[in-house]
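Before any comments, here is the structure.
Where a number appears in this text, it was derived from the coordinates with a stated rule and is not lab data. Treat the numbers as computed from the prediction; the structure is a model and nothing was measured. Glycine also receives a Cβ, built like all others from the backbone with ideal geometry; neighbour counts cover every protein chain displayed.
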Amino acid sequence: MPKMLNLMVACAENRVMGRGTRLPWHIPEDLKVFHEETAGKSIILGRICYETWPRARQDGRRLVVVSSNPALATEGVQVARSVPEALAMAEALPGETYVNGGERIFGEILALERPMRLHLTQVHAVVDGDIYFPEWRHIPWRETSRRESSDANFRYTFLTLERILGPQAS
């Protein structure tokens, strides 16, 4: 059986997770959780996510960037030409594997029939954007944790969901 994959994302009620190359909100608590959770982990992410995440190479993260540009490879950063190649590279690294976007990569991963955990910050708002987290609600999940929170601008919920596979999924 393949290793558990961890997907980590924040999205609004309308599934928006980005606008241009930026987050459509600034939620310090979510950023703190994100950085702490991914520290020291193997991370699969797309080129735009890599280039717009200033702390990507910090805190012991081992990065696998999905891109056709091999020049992005540097110490601590491998480049894969496809999601399957990125999965093979990341799973050969020690420890847990996290997927941190973008939209196409999340879509390909969610389509796989394999163990995965979704670390979702559900922002309770409808926001404008042009980058969406793929629809996940049709997939059978088991909620393993939930924590409500808010700041001056948003209410949000930190959820952890585990994918239900096999006959239990029916």
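Number of residues in segment 1-57 that are of a type outside the set (S, T, N, Q), part of a strand (DSSP E or B) and over 20 Å from S67 (Cβ atoms) equals 5.
Could you tell me whether any residue of segment 116-127 is outside any strand (DSSP E or B) and in contact with a His (Cβ under 9 Å, 6 or more places away or on another chain)?
If we filter segment 116-127 for residues that are outside any strand (DSSP E or B), which is where we start, we get 124-127.
In the following step, the residues that additionally are in contact with a His (Cβ under 9 Å, 6 or more places away or on another chain) were identified as none.
Among the residues of segment 116-127, not one is outside any strand (DSSP E or B) and in contact with a His (Cβ under 9 Å, 6 or more places away or on another chain), which makes the answer no.
Screening the candidates A92, A86 for the property of being farther than 24 Å from E143 by Cα, in contact with a strand residue (DSSP E or B) (Cβ under 7 Å, 6 or more places away or on another chain) and not hydroxyl-bearing (S, T, Y) yields one hit, A86. Which residue is farthest from G102 (Cα to Cα), if the candidates are limited to segment 125-158 and must be within 15 Å of the chain's Cα centre (by Cα) and surrounded by 14 or more Cβ atoms within 10 Å (Cβ to Cβ)? By that ranking, first place goes to F158. Taking the criterion of being free of Cβ contacts under 8 Å to residues at least 12 places away in the same chain and among the basic types (K, R), no residue of segment 68-89 qualifies. For segment 128-155, a residue qualifies if it is in a loop (DSSP other than H, G, I, E, B) and under 21 Å from S67 (Cβ atoms), and the qualifying residues are D130, F133, P134. Checked across segment 97-111, the condition of being part of a loop (DSSP other than H, G, I, E, B) and over 16 Å from the mean Cα position of the chain (by Cα) holds for no residue. L161 meets the conditions (1) free of Cβ contacts under 8 Å to residues at least 60 places away in the same chain; (2) surrounded by fewer than 18 Cβ atoms within 10 Å (Cβ to Cβ) in every case but one. The failed one is (2).
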